[in-house]
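What follows is a set of notes on a single structure, which appears directly below.
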Amino acid sequence: MKKRCAFALWTMCGMLVAAVAVEAGDGQAEAKFTVQKGLVFAGEDQKLTLDLYRPQNPSGPLPCVIVIQGGGFRAQDGQRFRPYAERLAKNGFAAALISYRGRPDHEYLDTLADVRSAVRFIRTHSEEYGLDPDHIGAMGRSAGATLAVLLAVGDDVEGLKLPDGVAKESSRIQAAAGIAGVYDFVARFTDEDQLALQPNAEKKRRTNGQWIGAAFSPTDAHWLQASAINHVNPADPPVLLLHSRNDRTVPWLQSRDMHARLKQAGIAAEIEISNDGGHRGPATAEKRIIAFFKKTLTKKAAAPAR
C-alpha cells in the first residue's frame with residue numbers, strides 16, 4: 001500500500017509548530033502528530049529546550065513520555081531520537097524530546113537536574129499543552145537509559161541544583177524504560193564478568209569519571225550516588241529494562257542486576273535480554289516500550305506525583 005506524507009509548518013507565539021500526517025493510499029489517515037519545537041524548559045544563560053510531539057485531535061489529556069537521547073554522557077540536543085518521539089505520538093502519547101547538559105563542561109548532578117527540570121516543566125504546563133500531569137514517563141538508551149531510570153528511582157539524590165527559571169512542581173514520574181543503560185557504575189568497573197564484556201573498560205572508566213566528577217573509587221560517594229541501583233525503594237514506579245547479550249559498550253549484566261534489585265524491592269519491573277542487537281538493544285525494543293507505557297501510563301498511576 002502506497003503512503004504519502006503531508007507536512008505543514010506555521011508559527012505560534014514565536015514557536016515553530018509542525019503538523020505531520022501520514023496517509024494510506026486510500027486517503028485514510030494512518031497516523032498524525034504535531035510538533036512544537038524549541039520550548040524552553042530551563043536556563044537563562046544556557047537555555048535548555050524540548051520539542052513536544054503530540055497526536056492530532058486527542059480526546060483528552062495525554063500521558064507524556066520524556067525521551068532522553070544517549071551519547072556517552074555528553075551534552076545532547078535530542079534530535080537523533082526523533083523516531084522514538086514520532087512513534088510515541090503515533091501511538092497516542094505526547095513525547096518531550098529534551099536537550100541536556102553533560103560532559104566535559106557539566107557533571108552528573110547538572111544533567112540529572114536538567115532531566116528533572118523537563119518533568120517539572122511538563123507538569124507545570126500540562127493544562128496548556130493538553131497533558132496529564134499524573135501520567136508522565138521517561139525512556140532512553142545508553143546514557144539516556146541511565147537518566148530515565150534515575151528519574152524513576154533517584155528521589156533521594158542529594159546536591160541537585162536546578163537551573164534558573166525552573167518550575168517548582170514535582171519531578172516524580174510514573175514509569176521508566178531503559179535500553180542498554182548503566183545502573184551500577186561501581187560494578188561496571190569492579191565485577192570481573194562485566195569487565196570481560198567491555199574491551200575499552202579503562203577508557204569508559206575515565207569518561208564516566210569525567211561526568212561523575214571524581215576519580216574512580218568503589219567507595220566514592222559520587223560514584224555510588226550516580227548509580228540507580230543504590231536508590232531503589234518500594235515506592236518506585238514500574239521499570240522496563242532492555243539489553244542485548246552482545247553489547248560491548250555496556251554489559252547486559254547491568255540490566256540483569258538492576259532488574260533483580262527492583263524485583264527484590266517489590267517493584268513492577270520487566271526485562272528483556274536478547275542475544276543480538278549490540279548496544280542498540282533488542283529489535284523488539286520499540287514495540288516493548290510502547291506496550292509498556294500503554295500499560296503503565298494509560299491507567300491509574302503506579303506512583304502518584306508528589
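Where a number appears in this text, it was derived from the coordinates with a stated rule and is not lab data. Computed from a prediction, not measured in an experiment: that's the story for all the values here. When we count neighbours, we look across all protein chains shown, and the Cβ atoms used for this are built from the backbone with ideal geometry, even at glycine.
Remarks
- Cα shape, segment 227-306, gyration tensor, a/c 1.5 rule: oblate
- Each of Ala291 and Ala260 was given a label point 7 Å from its Cα along the Cα-to-Cβ line. The distance between the two points is 2.6 nm.
- Subtracting the Cα-Cα distance of Glu44 and Arg206 from their residue separation scaled by 0.36 nm leaves 55.3 nm.
- Build a GNM of the chain with springs between Cα atoms under 10 Å apart, and of Leu224, Leu62, Leu50 the one that fluctuates most is Leu224.
- Three-way shape label, segment 171-246, alpha-carbon gyration tensor, a/c 1.5: oblate
- Among Ala283, Ala152, Ala113, residue whose mean-square fluctuation peaks in a GNM of the chain (springs only between Cα atoms under 10 Å): Ala283
- Helix 108-124 axis, angle to the chain major axis (alpha carbon atoms, nearest 10°): 30
- In the elastic network of the chain, a GNM with C-alpha springs shorter than 10 Å, the most mobile of Gly70, Gly266, Gly144 is Gly266.
- At R0 = 25 Å, FRET efficiency that the Cβ-Cβ distance of Asn57 and Ala283 yields, to 0.05: 0.20
- Treating r as the C-beta distance of Leu195 and Arg82 and R0 as 35 Å, the FRET efficiency rounds to 0.50.
- The length gained by stretching the chain between Ala215 and Leu162 to full extension, at 0.36 nm per residue less their Cα-Cα distance, is 16.6 nm.
- Taking every DSSP beta bridge that has both ends in segment 33-297, the antiparallel portion is near 30%.
- Considering the chain, its Cα convex hull presents a mean projected area of 15.9 nm².
- With Cα atoms, 0 to 90° folded angle of helix 143-153 axis to the chain main axis: 90
- Interchain or long-range residues, amide H under 5 Å from Ala138's placed H: Ile66, Ala175, Ala176, Ala177
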